[in-house]
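Structure first, then comments.
The values are calculated or read from the model by the stated rules, or taken from the named source; none is laboratory data. Note that the structure is a prediction, hence the values are computed from the model and not measured. In this analysis, Cβ positions are derived from the backbone assuming ideal geometry, glycine residues included, and neighbour counts consider all displayed protein chains. Accessible surface areas use protein heavy atoms only, side chains included; no ligands, DNA or RNA. Shrake-Rupley method; radii C 1.70, N 1.55, O 1.52, S 1.80 Å.
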Amino acid sequence: MLEQLLIFTRGGLILWTCKELGNALRGSPIDTLIRSCLLEERSGAASYNYDVPGASYTLKWTFHNELGLVFVAVYQKILHLLYVDDLLAMVKREFSVIYDPKRMVYDDFDETFRQLRKEAEARAEEMKKSKQVMAKPVSNLGKKQGQQMQKSGFESGNRKKSGGGGESGKDHSDDDNVQTGFLENGHSNGEVVNKSRVTYKENSNTNTNSGAFDVNKLQKLRSKGGKKANVVVNKVSKEEPKKKPAKKNRVWDESPPETKLDFTDPVSENGEADMALAQVVEGESMMDKDEVFSSDSETEDEDEAATDKKVDSKKKGWFTSMFQSIAGKANLEKADLEPALRALKDRLMTKNVAEEIAEKLCESVAVSLEGKKLASFTRISSTVQAAMEDALVRILTPRRSIDILRDVHVAKEQHKPYVVVFVGVNGVGKSTNLAKVAYWLQQHDINVMMAACDTFRSGAVEQLRTHARRLQIPIFEKGYEKDPAIVAKEAIQEATRNGSDVVLVDTAGRMQDNEPLMRALSKLIYVNSPDLVLFVGEALVGNDAVDQLSKFNQKLADLSPSPSPRLIDGILLTKFDTIDDKVGAALSMVYISGAPVMFVGCGQSYTDLKKLNVKSIVKTLLK
């Protein structure tokens, strides 16, 4: 049964709801659909499932892009309503006829919807009946064929028994087959039967003779081939195998080299001044610097030059393309968008965006543009690219505040430390980037303490201890083979006693499929309730980023004893300086998890930590 159907504008103004249904929905499925699906460029999906305690809903929707309207139907997830898609299409068609932007109330649409609903339900019932009618003859036909096969089997068995076991029995059965065949075709003349019998026997004799001749000939050819093969083998065996040249033994020169391999720059007269300047530069973290990129005018000039070259190269059809650009196309269709979307998908995949994410983004852009009128002096490719640019900016822009400094001061006023947990797979640089975050916090006069909760990997505690000694930061450690959840809890208690503002918790690297380690991580987060859970991932990964983040979130949700488990709150991208323009991992991770990129690691020193510039990432993706 349909629970609710409503029509609203893209601005959020509800124009009409079905008063006849009037079912009170549990939770807020429409708000969740808008927040987590429509605004996140996931509108290309067929449906959306919304689960709350006590109810599960399935939501389907369609758009009228030219008028800016959204049509949403809600029904119980357990029901498979076949008429919902047809009903939405009919409601969209009828409502677009009476829609007026100045009008706010559409009470007269109730009767129209009632008729459309009856029509859609009647169509669904007819489809069910037609499927059942089509299924019955097929089953009956199968039974009849089985009975005929059984009868033919019994008749042939009886014939064999009656014919005996000799050759005469076989000939007799053959004769019967010939006679019955002619009687079924309507011929009852005995002479014709005899003629056919004679010809059949003659043909059978010739076939057997030809078969015997072919076998003898084949045997002769085989014997000749075998002799030739033996001769070839004997010739090959007579030839002596070629000897491989012996490998010369390497002679190691144990004498020390004459010159020392020292590639350091020679110290000049003003070497001390250079060292002091380098230390000053290193003291400023890149998090507090504004990045300087090339101006937009330069890139626009380059784009215009490229488009001019393309226009000059295309001499055919210039008048028609110019006329279409002036007059504008009536409505964009899916076939018009496919070439531009296909090229855009390939471009995104070359930038290291996961294939699944690129396909979903293109589907969402197609849904948002289908039915719109193309403006004058614009091309379809530029329209598609502009829509994709808006979608990418909307995805990568954080939906909530990511100002950690403000959150730290709020926690400090409440007299409790701000706890950050770093999680991720093996070898992505969790400990190193934890030290970078600690250094950045130190620059803002925040007391930081490290917690060595990686009690699994050999050398992890010593590595974090080295960073703490260089940064002169206190570290809480309990050695190896300890429960990391208990170590983190004691570290937070210690930070509360000594007045530390922030506790940075280092955890062991683990693959997303390692259930014992994922269970331990889920326990650590559940016991300590950190303020921020940061997923540390490499910017080098492509399709694997989707698998890592989705399974991390899934495991944290499944293995947590809490009814509302904590998932990943933010992302720290490492090794960003090694990827050139392959920045697609940032898009893949944000799209699959919904968590913002809070830090970007771009070097080997403590200062090499910066914020993600959304505009530059989008420009690189679409370049």
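Of the candidates Leu39, Leu82, Leu67, the single residue that is within 23 Å of Leu392 (Cβ to Cβ), aliphatic (A, V, I, L, M) and open to solvent by 50 Å² or more (accessible area, probe 1.4 Å) is Leu39. Regarding Val597, is this residue in contact with a Pro (Cβ under 9 Å, 6 or more places away or on another chain) and either surrounded by 23 or more Cβ atoms within 10 Å (Cβ to Cβ) or polar (S, T, N, Q) (or both)? When the stated conditions are applied, Val597 passes them. Taking each residue of the stretch 566-579 that is in a helix (DSSP H, G or I) and looking for partners that are of a type in the set (A, V, I, L, M, F, W, C) with beta-carbon atoms closer than 6 Å, six or more apart or interchain, yields Phe576/Ala539; Phe576/Val600; Phe576/Cys602; Asp577/Cys602.
Among the numbered conditions (1) modelled with pLDDT under 90; (2) assigned to a helix (DSSP H, G or I), the only one that Glu494 does not meet is (1). Here Thr496, Thr432 are screened, and the one residue that is touching a Ser or Thr at 6+ places or on another chain (Cβ under 9 Å) and open to solvent by 10 Å² or more (accessible area, probe 1.4 Å) is Thr432.
To keep it simple, each residue is scored yes or no on (1) open to solvent by less than 10 Å² (accessible area, probe 1.4 Å); (2) over 39 Å from the mean Cα position of the chain (by Cα).
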| position | (1), (2) |
| --- | --- |
| Ile473 | no, yes |
| Asp483 | no, no |
| Glu490 | no, yes |
| Asp506 | yes, no |
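Within the span defined as the stretch 547-558, every residue fails to be open to solvent by less than 10 Å² (accessible area, probe 1.4 Å) and under 22 Å from Met287 (Cβ atoms).
Taken together, the residues in the stretch 64-78 that are outside any strand (DSSP E or B), under 27 Å from the mean Cα position of the chain (by Cα) and not aliphatic (A, V, I, L, M) amount to 2. Applying the set (1) at pLDDT below 95; (2) surrounded by 14 or more Cβ atoms within 10 Å (Cβ to Cβ); (3) in the same structural domain as Lys610 (by the TED database) to Asn426 leaves exactly one unmet item: (2).
This table checks each residue for (1) modelled with pLDDT under 90; (2) of a type in the set (Phe, Trp, Tyr); (3) open to solvent by 50 Å² or more (accessible area, probe 1.4 Å); (4) in contact with a strand residue (DSSP E or B) (Cβ under 8 Å, 6 or more places away or on another chain).
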{"residue": "Ala354", "(1), (2), (3), (4)": "yes, no, no, no"}
{"residue": "Ala375", "(1), (2), (3), (4)": "yes, no, yes, no"}
{"residue": "Val393", "(1), (2), (3), (4)": "no, no, yes, no"}
{"residue": "Gln414", "(1), (2), (3), (4)": "no, no, yes, no"}
{"residue": "Pro417", "(1), (2), (3), (4)": "no, no, no, yes"}
{"residue": "Gln443", "(1), (2), (3), (4)": "no, no, yes, no"}
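As a summary of the residue check, Trp61 satisfies the conditions (1) open to solvent by less than 40 Å² (accessible area, probe 1.4 Å); (2) in a loop (DSSP other than H, G, I, E, B); (3) more than 13 Å from Leu2 (Cβ to Cβ); (4) not polar (S, T, N, Q) except for the one numbered (2).
Restricting attention to the stretch 517-539, the residues that are among the aliphatic types (A, V, I, L, M), free of Cβ contacts under 8 Å to residues at least 60 places away in the same chain and either in a strand (DSSP E or B) or open to solvent by 50 Å² or more (accessible area, probe 1.4 Å) (or both) total 1.
Yes/no matrix, rows are residues, columns are (1) over 40 Å from the mean Cα position of the chain (by Cα); (2) small (Gly, Ala, Ser); (3) part of a loop (DSSP other than H, G, I, E, B):
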| site | (1), (2), (3) |
| --- | --- |
| Leu87 | no, no, no |
| Asp100 | no, no, yes |
| Glu121 | no, no, no |
| Ser130 | no, yes, no |
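Within the set Val461, Val410, Val437, the sole residue that is under 39 Å from the mean Cα position of the chain (by Cα), open to solvent by 60 Å² or more (accessible area, probe 1.4 Å) and either within 20 Å of Asn528 (Cβ to Cβ) or of a type outside the set (Val, Ile, Thr) (or both) turns out to be Val410.
Here Gly12 fulfils each of the conditions (1) assigned to a helix (DSSP H, G or I); (2) under 24 Å from Tyr591 (Cβ atoms) apart from (1).
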